[in-house]
Each structure stands twice: as C-alpha cells, then as structure tokens.
1. Output yes when any residue across the stretch 76-98 is among the acidic types (Asp, Glu) and either under 16 Å from the mean Cα position of the chain (by Cα) or closer than 19 Å to Val113 by Cα (or both), and no when none is.
2. Being in contact with a helix residue (DSSP H, G or I) (Cβ under 7 Å, 6 or more places away or on another chain) and part of a helix (DSSP H, G or I) is the filter here, so list the residues in the stretch 22-36 that pass it.
3. Please enumerate the residues belonging to the stretch 10-19 that are more than 13 Å from the chain's Cα centre (by Cα) and open to solvent by less than 80 Å² (accessible area, probe 1.4 Å).
4. In the stretch 118-133, which residue that is farther than 18 Å from Pro63 by Cβ and touching an Asp or Glu at 6+ places or on another chain (Cβ under 6 Å) is surrounded by the fewest Cβ atoms within 10 Å (Cβ to Cβ)?
5. Just one of (1) assigned to a strand (DSSP E or B); (2) modelled with pLDDT of 95 or more; (3) open to solvent by less than 30 Å² (accessible area, probe 1.4 Å) trips up Leu73, so point out which.
6. Name the single residue that is most open to solvent (accessible area, probe 1.4 Å) among those in the stretch 134-148 being within 16 Å of Leu41 (Cβ to Cβ) and modelled with pLDDT of 55 or more.
7. Would you check if there is a residue in the stretch 118-133 being at pLDDT 90 or above, part of a strand (DSSP E or B), closer than 20 Å to Glu7 by Cβ and among the β-branched types (Val, Ile, Thr)?
Amino acid sequence: MSTGRVERSWCVVVPHHATGARLARHRLADELADLVPPPLLADLVAVLAELVGNAVRHADPLPGGVVRVAWRLRPTATGTGLSVRVTDGGAGAGPRMRAAGTDAVDGRGLHIVAGLASRWGVDRDGLGQSVWAEFDPADCCPDLVAAG
C-alpha cells in the first residue's frame, strides 16, 4: 500500500450537524481504503470523527452552516505522512483536553486524538479555527514505513 511518493490532498465540506461527522468518516474511509493499512485507516477515521464532532458540539459553523474537512498524504523521510484538519467558525474558548471521570459521558475526545495521532494542535485565522492531527508512519505503522 504505497502512494507512490506523491502528495495527495482532499477537502470536503460537511454540514455543521451530527451527520457531518458520519459523512466525513465515510468519505475519508472511501478515499484512503486502498492507500493506507487498515489499522492506520481506523485511527484516521476515529480522529476525524472526534474532530468533526467537537466542531459541531463546541464551535460555530463556517459561513453557510458548514465545517471544512481536509486530509493529506505526503512523502516524508520515513515513509508517507498523513494529516487531517477540521476548520470551523471558532468558539469563545479554544479546544482543550479535559479531565473526564470514569462515569463521564464526554470529555475524552482530545485524549483519543492525542493517543492516536503523533501530534495535534490548533491554528486560528480570520475565518475561525482549524484543529489538526498528524500521523507519522514511524510512530504508528511499520508496514507503511516499509512501503513508503
């Protein structure tokens, strides 16, 4: 499963609604199914779902009532790097990790992102904010490093 050492990018716009996460997950899974190993694809789908879900629950939409979702594969020295980015209209307080008790029904999303991704962060601009996560093949998938 190799991308041929060529950078590839995708960008979709989904509704600022619970269905947006489902649409984004399915689109990412469909586009990357033949390009990345299944364990990495599962991690990418989980992280994307968390980021879109957080955008819908905690942030304002972009103009038009939407959230922009993008992902990218790019050649790196160790194989193929992958990243996902979710852009929304921003919120009063930026994304932050929260302590969640064992009985809490929420508060674990960014812990999941941090646990699965090599790194994550937030960028702000005139439109709002983008929360991104990067996956280094050396950290997550020896098979992808070997194929790179």
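1. The initial filter retains those residues of the stretch 76-98 that are among the acidic types (Asp, Glu), namely 88.
Still in the list and also either under 16 Å from the mean Cα position of the chain (by Cα) or closer than 19 Å to Val113 by Cα (or both): 88.
Yes.
2. Within the stretch 22-36, the first condition is being in contact with a helix residue (DSSP H, G or I) (Cβ under 7 Å, 6 or more places away or on another chain), and the residues that meet it are 24-25, 28-29, 32-33, 36.
Scanning the stretch 22-36 gives Ala24, Arg25, Leu28, Ala29, Leu32.
3. Within the stretch 10-19, the subset more than 13 Å from the chain's Cα centre (by Cα) is 13-19.
Of everything in the stretch 10-19, those that are more than 13 Å from the chain's Cα centre (by Cα) and open to solvent by less than 80 Å² (accessible area, probe 1.4 Å) turn out to be Val14, Pro15, His16, Ala18, Thr19.
4. Arg119
5. (2)
6. Asp139
7. Within the stretch 118-133, none of the residues are at pLDDT 90 or above, part of a strand (DSSP E or B), closer than 20 Å to Glu7 by Cβ and among the β-branched types (Val, Ile, Thr).
The values are calculated or read from the model by the stated rules, or taken from the named source; none is laboratory data. Every value quoted in this text rests on a predicted model; they were computed, and no experiment measured them. Please note: Cβ atoms are built from the backbone with ideal geometry, for glycine as well, and neighbour counts cover all protein chains shown. These area figures cover heavy atoms from the full protein model, side chains too; ligands, DNA and RNA do not enter into them. Shrake-Rupley method; radii C 1.70, N 1.55, O 1.52, S 1.80 Å.
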